[in-house]
Amino acid sequence: MPNIRPLSEPLAKKAEKELFEVPERIDEDVTALRTWIAKQPHLRSRTDDQFLVTFLRGCKYSLERAKAKIDLYYTVRTSMKEMLMDRDPLSERNMELIRMGVGLPLPNTVTPDGPRIVLIRPGVYEPDKFSIVDIMRISLMANDMHLIEDDQMMVAGQIGILDLANTTMAHFLQFTPTLTKKMTVMNQEAMPIRLKGFHYINTPPGFETVYNMFKRFLNEKNRNRLHVHGDNMESLYQHIPQKLLPKEYGGEAGSIKDMIVHWEKKFIEFRDYFLEDDKYGTDEKKRPGRPKTEETIFGIDGSFRKLNVD
């Protein structure tokens, strides 16, 4: 039997109906994926059952798509060294970022088989001290934990709430087109997480510039899942009930402080996992056929300039 966590009954039904999961066939599919990885001279990938089944679920059990996504997952990471240079949660800089709670998965979902809701608060970091690259490094580390531990997110998908309160033009100027494209490819193409909705609240002046740049890199399906609420929280509650939010937002999900303490412990628990990640990736010199470059992965050739803001 494959060594994976059993799903709750609602998630098991959803996995069978929407992801075409056949429990009796999981072992065979995981083994096929592991055998394929072993034959790839350029690819150094994790091969444990829980990691591999995540990609199968993210690709609705298409073996070919799962192979392509695992390859892209590690190819993108290898080419985005700036976001993966220091993944030790106990380093002073990383711990300071973790304790800010820029990204917080909420404990409850709308329904038992509903998507995981993640609250993102970029306004809590100082843009003269940290960069969006720092934030993305912590975000990728959090996503790695979700891949292994969060069946809700891996089966039902993810809904993001981006609270832009206290963000400034200095925050927005960190989003170059090149970086935005890289982040979009990583999250949309290379991660086996399905985006089910993205909600923007407390949007400040200047937001439209970054929003429009980000939107043009998304596929049509994901573009249609974006919702801008401005300061209209009632509009948000039509999608996500207020009670699911932290108490600082008038909800019943506990305090942001307690959530941060919980996730700080999680990051530390995963320390060995993060440090071990250094040995995984791709060696483009060994890739059969043409090596992948930034241009072929991201469709960028270095001609993107910094974001122009009037």
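The values are calculated or read from the model by the stated rules, or taken from the named source; none is laboratory data. All of these numbers come straight from a predicted model, not from anything done at the bench. Note that each Cβ is placed from the backbone with ideal geometry, even for glycine, and that neighbours are counted across all protein chains shown. Note: areas computed on protein heavy atoms with side chains; ligands, DNA, RNA excluded. Shrake-Rupley method; radii C 1.70, N 1.55, O 1.52, S 1.80 Å.
Tabulated data for the structure shown
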item: Spatially near lysine pairs across the range 53-173, Cα under 25 Å, sequence gap of 8 or more or different chains; result: 4
item: Most fluctuating residue given options 220, 21, 149, as computed from a GNM of the chain linking Cα atoms under 10 Å; result: 220
item: Calculated Cα Rg over 2.2 N^0.38 Å (choose from [x] 1.08; [y] 0.99; [z] 0.93), label; result: [y]
item: Convex hull per residue volume in Å³, alpha carbons only, for the range 152-310; result: 168 Å³
item: Normalised alpha carbon radius of gyration of the range 75-182 [divisor 2.2 N^0.38 Å]; result: 1.11
item: Cβ-based charge dipole, the range 174-297, positive-most Cα from 261, 229, 280; result: 280
item: Pairs from 196/247; 221/247; 17/292 whose Cα-Cα separation, in the structure shown, is over 29 Å; result: 221/247; 17/292
item: Accessible area (Å², 1.4 Å probe, nearest 10) - residue 262; result: 90 Å²
item: Share antiparallel - DSSP beta bridges, the chain, percent rounded to 5; result: 25 percent
item: About the Cα centre, charge dipole magnitude for the chain (Lys/Arg +1, Asp/Glu -1 at Cβ), debye; result: 820 debye
item: Unsatisfied cross-links (Cα-Cα over 30 Å) in the set 182/279; 13/286; 39/182; result: 13/286
item: Furthest towards positive pole of dipole, 41, 51, 22, structure part the range 6-54, Cβ charges; result: 41
item: Residue among 192, 112, 177 with the largest mean-square fluctuation in a Gaussian network model of the chain, springs linking Cα atoms under 10 Å; result: 112
item: Estimated 222 nm signal from helices in the chain, with DSSP H stretches of n ≥ 4 weighted -39500 (n - 2.57), rounded to 500; result: -12000 deg cm²/dmol
